[in-house]
Each structure stands twice: as C-alpha cells, then as structure tokens.
1. Which condition number does VAL135 fail, the rest of (1) more than 23 Å from ASP164 (Cα to Cα); (2) free of Cβ contacts under 8 Å to residues at least 60 places away in the same chain; (3) in contact with a Leu (Cβ under 8 Å, 6 or more places away or on another chain) being met?
2. Of all residues being assigned to a helix (DSSP H, G or I), touching a Leu at 6+ places or on another chain (Cβ under 9 Å) and in contact (Cβ under 8 Å) with a residue 24 or more places away in the chain in segment 141-172, which is farthest from GLU92 (Cα to Cα)? Just the residue, please.
3. Give me the pairs, please: first residue somewhere in segment 82-97 and surrounded by fewer than 21 Cβ atoms within 10 Å (Cβ to Cβ), second residue anywhere and not in a helix (DSSP H, G or I), beta-carbon distance under 7 Å, and either six or more positions apart or on two chains.
4. Looking only at segment 24-39, count every residue that is within 17 Å of LEU100 (Cβ to Cβ), without any contact (Cβ under 8 Å) to a residue 24 or more places away in the chain and loosely packed, with under 14 Cβ neighbours inside 10 Å and tell me the total.
5. Quick one: in segment 98-112, of everything that is under 18 Å from TYR151 (Cβ atoms) and either among the hydrophobic types (A, V, I, L, M, F, W, C) or within 14 Å of the chain's Cα centre (by Cα) (or both), which residue is surrounded by the fewest Cβ atoms within 10 Å (Cβ to Cβ)?
6. Any residue in segment 50-69 that's buried (at least 18 other Cβ atoms within 10 Å of the Cβ) and among the β-branched types (Val, Ile, Thr): show its pairings with residues that are modelled with pLDDT under 95 and not in a helix (DSSP H, G or I) at Cβ separation under 8 Å, as long as the two are six or more apart or on different chains.
7. Within segment 1-120, considering only helices (runs of 4 or more DSSP H) that don't extend past its boundaries, which have at least 2 residues that are among the polar types (S, T, N, Q)?
8. Tell me, please, whether a residue that is in contact (Cβ under 8 Å) with a residue 40 or more places away in the chain and either in contact with a strand residue (DSSP E or B) (Cβ under 7 Å, 6 or more places away or on another chain) or among the hydroxyl-bearing types (Ser, Thr, Tyr) (or both) can be found in segment 120-131.
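The values are calculated or read from the model by the stated rules, or taken from the named source; none is laboratory data. Fair warning: this is a prediction, and the values are worked out from it, not measured in the lab. Because the Cβ atoms are built from the backbone with ideal geometry, glycine has one as well, and the counts that use them run over all protein chains shown.
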Amino acid sequence: MRVRNDYCKNAMAKACLELIKDKTINKITIDEITQKAGVGRATWFRTFKNRHDAIVYGLVLLWDDWAKEHNLKNHKKISVENAESFIDYVYEIRDIRNDLIRSGEQSAILDSFLYVLVRNNDPNDTKDYFMRMFVTYGITGLIEGWSNNHYLQSKEELSRYLKDLITQSLYLLK
C-alpha cells in the first residue's frame, strides 16, 4: 500500500507544479489537482495539509529526480562538490521558480531547501543544525538575488559564489 500512497503523493505534487504554470496556486482547486493526478479527492486530504505542502514536496521530488539523473552523491547535504550541480538545477527549473514567485509561493522554495538540507540531518547536533539553517538561508538569498537579477550572472559565477559560501560555512562548523 505504501507504493500506491507514494505514487499518489508524487502525482499530486507534480500536478500542483504543472497547474501553477497557468494560474496562481490560490486559484487552483483541489479537484483540478486530483483530476490531473488521477486520484480521488479524499486522497488529497489524507496526504497534504494544503497546496503549499504539496508544492514543497514537488520541489523536493524535482531535486531528487534531478540529482539521480545527474548521479549526484550526497545530494541532501551541503557540499562544495555539489554547488555547481545545484546552480545548474536551479537554472534548469527557473521557469517553475518564476511561476512560484508569480503565485506568491516563493516561501515554498526556501521550505524545499530546508527540507532537503536541514531536515535530513541529525537534529541533536545543535551547532550543525543552526549552521545548516544559516547556510540554507544564505543559499536561498543567493538564488533569490540571482533570480531577481534575471539570471544575468553566469552559472559559473554563481557556482563560485556558492562554493565560497559553503566553504566558509563548513569552516565555521569545525
């Protein structure tokens, strides 16, 4: 039954991201989402609290799929080795990011980063937890600035900035 639940959850999350291309999230109905996902309405209410949670989950799925497709190791950890790939990913999904921002869901972008980079680590290591929060917000700010600047800087330039940010932050973790 777990496989079916995961399939339905994934389908609904992806449906939200597809539907947001055409209208803002608050104008998308649960019926539209479930119909596009091919699931029943009750499945939605058993799975997600709200559309925001579905979007966050959809963004996490996109990152997981992208990381798998590009053979990234440790894609749920902050690392210098993944910085360039992460920037490539962000650039690749820039239309989705723009749709989310237009829809007033930019916080879903931060929440997806927090889910991937913070939630999957040891919550008992307080220093590590707060450093991951700090770096995650820094990464989000870097990406937000790049987006606001219409991606004028090259991916290589942003990768260097991100590598510097991560390197300096990892030094502080020691």
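1. Result: VAL135 passes all but (1).
2. As a first pass, look at segment 141-172 and keep what is assigned to a helix (DSSP H, G or I): 141-148, 155-172.
Right, trim to touching a Leu at 6+ places or on another chain (Cβ under 9 Å) and you get 142-144, 146, 158, 161-162, 165.
Narrowing further to those that are in contact (Cβ under 8 Å) with a residue 24 or more places away in the chain: 143-144, 146, 158, 162, 165.
Working: ILE143: 13, GLU144: 15, TRP146: 13, LEU158: 14, LEU162: 17, LEU165: 21 Å.
Across segment 141-172, the extreme among qualifying residues is LEU165.
3. SER85/HIS70; SER85/LEU72; TYR91/TYR151; ARG94/TYR151
4. 1
5. Only one residue tops the list, namely ASN98.
6. From segment 50-69, the pairs are ILE55/ILE20; ILE55/GLU105.
7. On the way: elements: 2-19, 30-37, 41-47, 51-69, 83-92, 94-102, 106-117.
Correct list: 2-19, 30-37, 41-47, 106-117.
8. Of all residues in segment 120-131, those in contact (Cβ under 8 Å) with a residue 40 or more places away in the chain come to 120-121, 127-128, 131.
From what is left, the residues that are either in contact with a strand residue (DSSP E or B) (Cβ under 7 Å, 6 or more places away or on another chain) or among the hydroxyl-bearing types (Ser, Thr, Tyr) (or both) are none.
No, the conditions are met nowhere in segment 120-131.
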